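Rule-based calculations on the coordinates, nothing more; no lab input. Bear in mind that the values here come from a model prediction, so they are computed numbers and not experimental data. Neighbour counts run over all protein chains shown; Cβ positions are idealised from the backbone, glycine included.
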Amino acid sequence: MVADAIAYHPAVAHYNRFVATTAWYTYRTNSPASTVALFDGVKKNFGSVRKAMRLGKFVEHFKAAAVAADAKGMDPVLKFLAVGRQLGYAFYMSFDAMTYFDSVGVRKFDGAARLQREAYRAWLAGLLCNVIAGVYTLYNLQMAAKKSKDSQDAEKAVELKKLEKYVLFWTFDDDVRTDSVFREKSATQLQLISDLCDCTVPSSGLGAVNFDDGIVGLAGTVSSMIGLYAAWAKTA
């Protein structure tokens, strides 16, 4: 859908986070109140537009969770984490959608703040599931690589070849390196960094960490730049 392409395009997210960081910077540098208000207003309005354009998106994530749950031959831990990630995103967008009319001032209600906190919790849960899945995969691959290096068994060498595409940070010997593996490994590393950067938003919103708008905005900008690079890499 055109709306999805616009709402989730990394360039749009990057611009929104750039404006948020600029608003914070003007405030911290004692810029005129009119300048601070200008960027703060742009940030809020742009965020409201993006929120409107993702209304109903939660349905797709519920479907993705069902598909992940039905996946055959998948590691049970990774399957559980994949379902958790999709459900986290689905509930995040569900709660976030419920606060839309309150956020734009159409209809204010007392439970909006609580729903927004629940949205942040769900989003953080989804992100953490993705991070944990990466760490779990890395651990298993390191153990498999260690066992394979201690053996000259040809069958184990073939299994190592199959596992190589899931590598996050592990480095293999030169004779098993391929361009495609490095591209996929690089993409996975960048996604992990992006997820960790994104975690600053809900964790800060929940008060779990004491990051100000500048830190959150910079982390979001890094995440968006990674998204821009990933989008460019797919078309390169």
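From the alpha carbon centroid of segment 62-97 to that of segment 195-211 is 21 Å. Here the simple spin-label model places points 7 Å from the Cα toward Cβ, and for Asp75 and Asp212 these points are separated by 4.1 nm.
Computed from label points 7 Å out along Cα-Cβ, the spacing between Leu55 and Gln142 is 4.7 nm.
Take the residue pairs Lys72/Lys146; Lys51/Lys72; Lys57/Lys108; Lys79/Lys108 and return only those whose Cα atoms are more than 32 Å apart.
Beyond 32 Å: Lys51/Lys72; Lys79/Lys108.
Here the label points at Val135 and Tyr229, each 7 Å from Cα along the C-beta direction, are separated by 2.3 nm in the simple model.
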